[in-house]
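Single-structure report; data block below.
The values are calculated or read from the model by the stated rules, or taken from the named source; none is laboratory data. Just so it is clear, the structure is predicted and the values come from calculations on it, not from any experiment. Quick reminder, even Gly has a Cβ in these numbers, built from the backbone with ideal geometry, and neighbours come from all protein chains shown.
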Amino acid sequence: MIDLYYWTTPNGHKITMFLEEVGLSYNLVPINIGKGDQFQPEFLKISPNNRIPAIVDREPTGGGEPISVFESGAILLYLAEKTGRFIPSDLRGRTEVLQWLFWQMGGLGPMAGQNHHFSMYAPEKIPYAIDRYVNETGRLYAVLNKRLNDREFVAGEYSIADMACYPWIVPYERQGQNLEDFPNLKRWFEAIQSRPATIRAYEKAEAFKAEQISPDQARELLFNQSAGTVKH
């Protein structure tokens, strides 16, 4: 049994997508980031960076004590290795998947996140910052579009690299992007969107729609952190 500490963010969706694909039993533990659940001591023991998602594997491979994992990319890799699914076993195939997984973690996610912040949440609309991150998001879309020119999925067969990228493309309109400008990306996006596991994963989020917070609430709780907010 996997305990998944979750909220309805792109990083949260990555993990429900994987778990729905492989059919692992899991218990969804909501961490309402709009109410500050991520700062509770019990959660910080699992996720010291006070971010979702995180998991606790109650039945790790080889037995023993439960294993906790935080950071969405690390969780995807852990689960792929646990199940032997959605990551190739050969060196070249594994390397292809891992480099695109880290591309998402180090590029697409952070840049799209800054796009969201300056476009929606920043108290002052700074044209330079908005243009900077909208343009960089578009550049990364173009990289992905070019990559998909001659293959169905990012690393050949459907993998954790695709699951990592897809949720960050879902809010493309909010990011100032048009999928019609990226035909290969659009084809890939629609293929993943129609997968039964993806549909089930996003249906999980519907139960929490009423608990979403406004940009003003998000600004106050999520974006006013500093070194002083980390509890010693």
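Quick notes on this one:
- Condition broken by Pro41, with the remaining ones in (1) at positive phi; (2) loosely packed, with under 14 Cβ neighbours inside 10 Å satisfied: (1)
- Residue selected from the range 52-73 under the condition surrounded by fewer than 19 Cβ atoms within 10 Å (Cβ to Cβ), outside any strand (DSSP E or B) and not small (Gly, Ala, Ser), by the criterion farthest from the chain's Cα centre (by Cα): Glu65
- Subset of the range 102-150 that is among the charged types (D, E, K, R) and at pLDDT 95 or above - its residue that is surrounded by the most Cβ atoms within 10 Å (Cβ to Cβ): Arg147
Results for (1) farther than 21 Å from Met17 by Cα; (2) of a type in the set (A, V, I, L, M, F, W, C); (3) loosely packed, with under 12 Cβ neighbours inside 10 Å; (4) assigned by TED's automatic domain parsing to the domain that holds Asn27, shown as yes or no for each residue.
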position: Pro171; (1), (2), (3), (4): no, no, no, no
position: Gln175; (1), (2), (3), (4): yes, no, no, no
position: Phe182; (1), (2), (3), (4): yes, yes, no, no
position: Leu185; (1), (2), (3), (4): no, yes, no, no
position: Ala205; (1), (2), (3), (4): no, yes, no, no
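- Of residues in the range 151-163 being of a type outside the set (D, E, K, R) and part of a helix (DSSP H, G or I), the one surrounded by the fewest Cβ atoms within 10 Å (Cβ to Cβ): Ala161
- Out of Tyr166, Tyr172, one residue alone is within 26 Å of His117 (Cβ to Cβ), among the hydroxyl-bearing types (Ser, Thr, Tyr) and not in a helix (DSSP H, G or I). It is Tyr172.
- Any hit, the range 74-84, residues being part of a loop (DSSP other than H, G, I, E, B) and either over 18 Å from Cys165 (Cα atoms) or touching a residue at least 60 places away in the same chain (Cβ under 8 Å) (or both): yes
- Some residue of the range 7-21 being assigned to a strand (DSSP E or B), of a type outside the set (Lys, Arg) and either closer than 20 Å to Ala201 by Cα or touching a helix residue (DSSP H, G or I) at 6+ places or on another chain (Cβ under 8 Å) (or both): no
- Single residue of the range 57-88 satisfying the filter (touching a strand residue (DSSP E or B) at 6+ places or on another chain (Cβ under 6 Å) and among the hydroxyl-bearing types (Ser, Thr, Tyr)) that is farthest from Phe102 (Cα to Cα): Ser68
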